[in-house]
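To keep things clear, I will list the structure first and then write my remarks on it.
The values are calculated or read from the model by the stated rules, or taken from the named source; none is laboratory data. All of these numbers come straight from a predicted model, not from anything done at the bench. Virtual Cβ from ideal backbone geometry, glycine too; neighbours counted across all protein chains shown. In case anyone asks, the SASA skips ligands and DNA or RNA and just uses the protein heavy atoms, side chains included. Shrake-Rupley method; radii C 1.70, N 1.55, O 1.52, S 1.80 Å.
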Amino acid sequence: MMKIHEHLVKVCSPLDPLSKSMTRAQLWRLLEWFVRHPHDFTEAMQGSHVEEAFDDQGRPVLKRVLDFGSMKVNDTVTIDVGQCIRTEVASSEHWSAGAFTITVVQPKENGAVFLKFTYEEDRDEPMGDDMISNLRRKAYEQKDRDMVDMILQKAQEEANSVN
């Protein structure tokens with residue numbers, strides 16, 4: 001697998017009102033909600049089926065079928081709690097094999113919390129700098145920002161229901 005794109009999205013910082021109520025455990029719970037309910041995050045997805053098992057290290061492993069109507073995608077999500085979430089997609093006639101990893105990053109110097117998104121693809125050469133490749137990168141970043149926004153919205157709803 002070759003890394004084709006990587007970027008950070010800020011979740012919260014000490015100056016954000018939500019950061020006082022958002023714990024690392026809550027962030028992980030919401031990230032797990034994201035991978036267990038992918039159809040809640042992707043407008044084009046008509047549904048999903050998720051089966052859970054555990055690997056030999058005791059980590060949750062989700063086998064998912066993502067239903068996009070005329071196309072179904074099978075993927076495997078490994079949750080390394082507190083570390084990262086890795087999604088692997090096997091190749092098909094429509095795309096090459098790929099992987100997508102979400103890692104929580106919390107630099108000690110400023111107390112902000114970020115999610116690092118890393119995209120990998122089974123390819124021989126790096127992704128180019130042409131228009132299509134740049135549009136793919138922008139689409140990845142927008143999708144990831146939208147996902148973080150939805151997680152923050154859910155966290156805010158939870159904070160409001162407690163108060």
**OP:** Apply the Karplus parameterisation 6.51 cos²θ - 1.76 cosθ + 1.60, with θ equal to phi minus 60°, to every residue of segment 6-17 and state each ³J(HN,Hα) to the nearest whole Hz, in sequence, with x for glycine and proline.
**Re:** 8, 7, 10, 10, 6, 8, 6, 9, x, 7, 6, x
**OP:** Report, in degrees rounded to the nearest 10, the 0 to 90 angle that the Cα long axis of helix 24-36 makes with the longest principal axis of the chain.
**Re:** 30
Subject >> Distance in nm between pseudo-label sites at Lys72 and Glu43 (7 Å out along the Cβ direction from Cα) >> reply: 2.6
Original post:
222 nm [θ] for the chain, helices only, -39500 (n - 2.57) per DSSP H run of 4+, per residue, to 500?
Top reply: -9500 deg cm²/dmol
Original post:
Which one, (1) 112; (2) 146; (3) 187, gives volume of the Cα convex hull per residue in Å³ as derived from the coordinates shown?
Top reply: (2)
**OP:** Return the single residue from Asp75, Asp124, Asp144 with maximal mean-square fluctuation; model: Gaussian network over the chain, springs between Cα atoms under 10 Å.
**Re:** Asp124
Original post:
How many Å² of accessible area per residue for the chain, probe 1.4 Å?
Top reply: 59
**OP:** Grab the chain and count how many Lys pairs have their alpha-carbon atoms under 17 Å apart, sequence gap of 8 or more, or different chains.
**Re:** 15
Original post:
Can you give me the pair-distance distribution of segment 94-163, C-alpha pairs, 10 Å bins, whole percents?
Top reply: 15, 35, 30, 15, 4, 0
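Can you tell me, using C-alpha contacts under 8 Å and at least 6 residues apart, the relative contact order of segment 44-163 as a whole percent?
Relative contact order here is 12 percent.
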**OP:** Please arrange His39, His5, His94 by accessible surface area, largest first, computed with a 1.4 Å probe and ligands excluded.
**Re:** His94, His39, His5
Original post:
What accessible surface, in Å², does a 1.4 Å probe find on Trp33, ignoring ligands, DNA and RNA and rounding to the nearest 10?
Top reply: 60
Subject >> Carbon and sulfur %, accessible surface of segment 1-146 computed with the full protein complex present, 1.4 Å >> reply: 52
**OP:** Enter the angle in degrees (range 0 to 90, nearest 10) between the Cα long axis of helix 131-162 and the first principal axis of the Cα atoms of the chain, meaning the one along which they spread out most.
**Re:** 30
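Starting from segment 1-91, pick out the GluC sites (Glu not before Pro) whose DSSP state is loop and whose Cβ has at most 14 other Cβ atoms within 10 Å.
Sparse-neighbourhood loop GluC sites (Glu not before Pro): Glu43.
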